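Student: Please find one structure pasted underneath; my questions will follow.
Values in this text are rule-based calculations from the coordinates and carry no lab data. Note that the structure is a prediction, hence the values are computed from the model and not measured. Reconstructed Cβ throughout: ideal geometry from the backbone, glycine too, with neighbour counts over all protein chains shown.
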Amino acid sequence: MTRYLATVLAGLEGVAAGELGTKVASARIAERHRGRFIFEVDALPTDLLALRTIDNLFAFLGTIEAGPHRTHLPALGRAAASMVGADLPAVVRRFAVAEMHRDPKAQAVTLWTNASRVGKQTYSRFEAAHAVTEAVVRRHPTWRLGTADEHTVELRLDVEGTQATLSARLTAPEFRFRGAARGFSPAALRPPVAHALVWLSGPEAGDVFLDPFCGSGTILAERAAYPARALLGSDASAEALAIARRNLPMDDDRVRLERWDARRLPLDSGSVTALVSNLPFGQQVLSLVELPALYLAFTHEVQRLLAPGGQSIVLTDQVDTLLAAVEKTRLQATRVLTLSLKGLHPEALRLTLP
């Protein structure tokens, strides 16, 4: 069994752990923290790239004693350096090149450490990160100090109280964005968040899936990773739909994108088995004054479109406005999770028919 650390958006720890348990039978959660969890698995690292709710994947190197004072930093650095073997750059490179197209010819090892800190330490996270980086480079004389933007190996140090964990990043920045070429419209979700909403809907091969506020198509792209009968997306913005057409596999005959009004969708009643959407909220698209009317019309459409046994997963930070609209329909709403997203705390709700 090998240990890994996965990072997720705060609030998605349970969804990501559920996806891991479903997709990797041997996996066992060892520790769970806000925004990350450590797990053991008997699988090849590249098999873990099927996990789509996580932001990044790390090789877990170990746990270190972390004293509370700045005078403890040299010992923290030495302990971290003892965990970093000379073969680590090759491990990172092999993993990353297989999926993320990093340059396999890069020979110079440049090191960067990213740190987090929780507790009453007298040092900053930046000081802790610097102590670790310098100690590791001293241990491996041919390595060099990197920067946040230019490095070949990235360590992650998480200090909590008197304990710290050390990990080495395996996934490249493009991993959580599904490639460097992907386009995003304003207010678009990150793909891992979109995938979490899709996962909550319980994807099934027979689904007629709809995102009526599809924007640049992030939710549809995540749903396209699984079998479905139809993948329907609509949006009022022609510009957003143009981006969606570049992001989605338009040669996939399941995919259909249209410029429709989410308040009046030209679809048959009872024809949708799963509806997942990031609703307009805050100042993303509309003013708060306009949302009650929009949400009321939208929830009536959800009620009309859902097939028996179907469900909708929607995200908004205007929960009271949505619940007020739901009360005027036959729908039932269940709060599923709360996220920490760009200073906001939107909630995902499940809407079903009784």
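Student: At 7 Å along Cα-to-Cβ for each site, give me the label-to-label distance between residue 269 and residue 335 in nm.
Tutor: Placing both labels 7 Å along Cα→Cβ, they lie 3.3 nm apart.
Student: With charges set only on the Cβ (+1 for Lys and Arg, -1 for Asp and Glu), what does the dipole of the chain come to about its Cα centre, in debye to the nearest 20?
Tutor: That gives the chain a dipole magnitude of about 600 debye.
Student: Could you work out how much longer the chain between residue 40 and residue 258 gets when fully extended? Use 0.36 nm per residue separation minus the Cα distance between them, nm to one decimal.
Tutor: So the extension gain works out to 74.1 nm.
Student: At a Förster radius of 56 Å, what calculated FRET efficiency corresponds to the Cβ-Cβ distance of residue 78 and residue 236, to the nearest 0.05?
Tutor: 0.45
Student: Let me ask something additional. Can you tell me the 0 to 90 degree angle between the C-alpha axis of helix 238-247 and the longest principal axis of the chain, rounded to 10?
Tutor: 50 degrees
Student: Still on this structure: Would you please classify the overall shape of the stretch 123-174 from the alpha carbon gyration tensor, given that a ≥ b ≥ c denote the square roots of the eigenvalues, rounded means a/c under 1.5, and beyond that prolate means a/b larger than b/c while oblate covers the rest?
Tutor: Oblate is the answer for the stretch 123-174, as a/c is 1.5 or above yet b/c matches or exceeds a/b.
Student: From the phi of every residue in the stretch 289-303, what ³J(HN,Hα) in whole Hz does the Karplus formula 6.51 cos²θ - 1.76 cosθ + 1.60 yield, where θ is phi - 60° and glycine or proline is x?
Tutor: Values per residue, Gly and Pro as x: 5, 7, 5, x, 5, 5, 5, 5, 5, 5, 5, 5, 5, 4, 4 Hz.
Student: Report, in deg cm²/dmol and to the nearest 500, the calculated mean residue ellipticity at 222 nm for the chain, where each DSSP H run with n ≥ 4 adds -39500 (n - 2.57) and the sum is divided by the residue count.
Tutor: Here the helix-only value at 222 nm equals -8500 deg cm²/dmol.
Student: Rank 219, 193, 183 by how far each Cα sits towards the positive end of the charge dipole of the stretch 175-225 (+1 on Lys, Arg Cβ; -1 on Asp, Glu Cβ) and give me just the farthest.
Tutor: Final value for the positive-end residue is 183.
Student: Could I ask something else about it? Below 8 Å, C-alpha to C-alpha, sequence gap of six or more: please give me the relative contact order for the stretch 192-336 in percent.
Tutor: 23 percent
Student: Now a separate question. Between rounded, prolate and oblate, where does the chain land on the alpha carbon gyration tensor, with a ≥ b ≥ c its root eigenvalues, rounded for a/c under 1.5, else prolate if a/b exceeds b/c?
Tutor: The shape class here is prolate.
Student: Continuing with the same structure: So how much slack lies between residue 181 and residue 108, counting 0.36 nm per residue of separation and subtracting their Cα-Cα distance, in nm?
Tutor: This chain segment gains 23.6 nm when fully extended.
Student: Using the per-residue mean of other Cβ atoms lying within 10 Å as a proxy for protection, in what order, highest first, do the peptides 6-17, 212-223 fall? Could you put the intermediate results ahead of the total?
Tutor: On the way: 6-17: 21.7, 212-223: 27.7.
Result, highest mean first: 212-223, 6-17.
Student: Here's a follow-up. Using Cα atoms only, what is the angle between the long axis of helix 191-200 and the major principal axis of the chain, expressed in degrees (0 to 90) to the nearest 10?
Tutor: 60 degrees
Student: Still on this model: Would you work out if the stretch 1-145 is rounded, prolate or oblate? Take a ≥ b ≥ c from the square roots of the eigenvalues of the alpha-carbon gyration tensor; rounded if a/c is under 1.5, else prolate when a/b is larger than b/c, oblate otherwise.
Tutor: Numbers: a/c = 2.17, a/b = 1.26, b/c = 1.73.
Cα axes put the stretch 1-145 in the oblate bin.
Student: So for the pair residue 126, residue 47, with labels modelled 7 Å out along Cα→Cβ, what separation do we get in nm?
Tutor: 4.2 nm
Student: Using the Kirkwood radius built from alpha carbon pairs, what does the Stokes-Einstein equation give as D for the stretch 212-352 at 4 °C and 1.567 mPa s, in µm² per second?
Tutor: Numbers: Rh = 15.5 Å.
For the chosen part, D equals 84 µm²/s.
Student: With axes computed from alpha carbons, what is the tilt in degrees of helix 88-100 against the longest principal axis of the chain, rounded to the nearest 10 within 0 to 90?
Tutor: Here the helix axis deviates by roughly 20 degrees.
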